[in-house]
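*Asks:* I'd like to ask some things about the structure below.
Read-outs throughout are calculated quantities, based only on the coordinates presented, and are distinct from any laboratory measurement. This structure is a prediction, so every number in the text was calculated from the model and none was measured. Cβ placement follows ideal geometry from the backbone for every residue including glycine, while neighbour counts extend to all protein chains displayed.
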Amino acid sequence: MQRSTGKTQHKGISDRHLALLLVLPAALLLAVFSIYPFLQAAFDSLFHLPLATRRGTFVGLSNYVQVFHEESIQRAFGRTLLWTVSNIVVQTGLGLLIALLLNARLYGQTLARGLVLFPYMIPAIVVATVFRFTFNDITGIASYLWLKIPGVHEPIYFLSQPTTALLTVTVVNCWKYTPFIVIVLLARLQTVPRDLYEAAQIDGAGRLALLWYVTIPWLLPVLLVALLLRTIWTVNDFDVIYLLAYGGPLDATTTLPLEIRRLAFGRQDVGLASALAVLVAIGISVIGLVYLWLYRGSEARLHER
């Protein structure tokens, strides 16, 4: 027979309940700011819904059909594809090159790391304001320096010419967000096991072989995660494009987010804008699944080595 000690034992909260408790605030924020707006947009997309009255007429899937027949949306999709691919390619290439240089233990690399991270810390509104002055047709320093090149007599209208506006905005966006790729890759480079390099060098691998067969495979899983985030952010990018060029001139910088804004607040067709927003979200989700599939494959190959 067990003797009672007279003390009450209090059972603490379990790890599972503690984990759920800690996740709850983030889950609530996600539900309020992500899930609810998406469900509301999906509901609105089934109606012809003027912005002024907010009294809709049920039209079923006709808004989705119209999305694929609207010429302005098709052109915006093409610009978004060009905008996203060019940004991802340039940011990945520059980010990898800069990360390798910063990891090479060169003189002054501590200062260089701080300077490289500087653009990423600047708010988009500040970046847009500075570069609007820089690329101003009359008083901008870029136009001034361009005309100082020997043999150049015609100015470039960086933000007011349809043929150069999207390229100019892409350059600014790459300047601001390439440091994100640099941060991710540089952190990963610091964890490469030295024995991998030593084993490859014993087998006679040179610098390029070390880069291709050791460094790149080690970076690939983290790089794919970074590219997933940058792809999502670039497709949805609104502030840099809008603040620099307002979607112009002649819709030359109107990507899908700006087209959604134009449909909702310019044409005041909330239903069509919501249908386009839902399709963009679905498309981004599909791209995300492709990235995750590539990520799992790269991780599996890395563990096989």
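*Asks:* Starting from the Cα of A112, step 7 Å along the direction of its Cβ; do the same at R207; then give the gap between the two resulting points in nm.
*Replies:* Result: 1.3 nm between the two label points.
*Asks:* If you wrap the chain's Cα atoms in a convex hull and average its projection over all directions, what's the area in nm²?
*Replies:* On the way: hull surface 119.9 nm².
Across all orientations, the chain yields a mean hull projection of 30.0 nm².
*Asks:* Please report V90, V235, V225 as a ranked list, fewest other C-beta atoms within 10 angstrom at the top and most at the bottom. Working shown, then result.
*Replies:* Values: V90 18, V235 21, V225 15.
Least crowded to most crowded, the residues run V225, V90, V235.
*Asks:* Looking at the chain as a GNM with Cα springs under 10 Å, which of G60, G283, G108 has the largest mean-square fluctuation?
*Replies:* G108
*Asks:* Show the residues, 5+ positions off or on another chain, whose built amide H is closer than 5 Å to the amide H of F47.
*Replies:* Amide H to amide H, under 5 Å and 5 or more residues apart or across chains, F47 pairs with V59.
*Asks:* Among S34, S285, S72, which one moves the most in a GNM of the chain with springs linking Cα atoms closer than 10 Å?
*Replies:* Of the options given, S34 has the highest mean-square fluctuation.
*Asks:* Can you show me the helix-derived [θ] at 222 nm for the chain, built from DSSP H runs with n ≥ 4 at -39,500 (n - 2.57) apiece and divided by the number of residues, rounded to the nearest 500. Write down the numbers at each step before the final one.
*Replies:* Details: 14 runs with 203 residues, N = 305.
When only DSSP H runs of four or more count, the value is -21500 deg cm²/dmol.
*Asks:* Further question: Anyone know which of T255, T84, T164 comes out most mobile in the 10 Å Cα GNM of the chain?
*Replies:* Per the Cα network of the chain with a 10 Å cutoff, T164 tops the list.
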